[in-house]
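Notes for the one structure printed next.
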Amino acid sequence: MSTQTTQNTQNYNTTGFPATTIPWDNIHEPGTYVCNWSGHLLRIPEDGVVSGRSPVINMVGFSPMFVTKISDDPYIPLTKARLLSSNYDIKVNF
């Protein structure tokens, strides 16, 4: 297996898309995310990204807070979420 093939395999999770690291404020899609600063799991359902819905969560910090999307499914089992996180070398705290 070539280096390029190995890199591509490591950058994709089992649902077939690359893990995406974005700022907390840029979450606009439902799915399962891992907080890069704490390792906590975030489950963002469809209702969580609809404009005008509550509760709206506003997190404020000194430095940019990034999350990594590991799945489109906000309800994946914890074991699978840990496995996907380990595929991307993301430290977990759940």
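Just so you know, all these numbers are worked out from the coordinates, no wet-lab data involved. All of these numbers come straight from a predicted model, not from anything done at the bench. FYI the Cβ positions are ideal-geometry reconstructions off the backbone, even for glycines, and counts take in every protein chain you see.
Exposure proxy shown here: for THR32, THR20, the number of other Cβ atoms within 10 Å sets the order, fewest to most, as THR20, THR32.
In terms of other Cβ atoms within 10 Å, PHE94, PHE62 run from fewest to most in the order PHE62, PHE94. Shown in residue order for the range 20-31 are the 3J(HN,Hα) couplings computed by the Karplus curve 6.51 cos²θ - 1.76 cosθ + 1.60 at θ = phi - 60°: 10, 9, 9, x, 3, 5, 9, 6, 10, 10, x, x Hz (x for Gly and Pro). Which stretch or stretches of the range 68-94 have amide N atoms under 15 Å from the point lying 7 Å from ARG43's Cα along the Cα→Cβ direction? Zone members listed by number: 70-82, 94. The ranking of TRP37, TRP24 by Cβ neighbour count inside 10 Å, starting from the fewest, reads TRP37, TRP24. Less than 5 angstrom separates the built amide H of GLY31 from those of ILE44, all sequence-distant by 5 or more or on a different chain.
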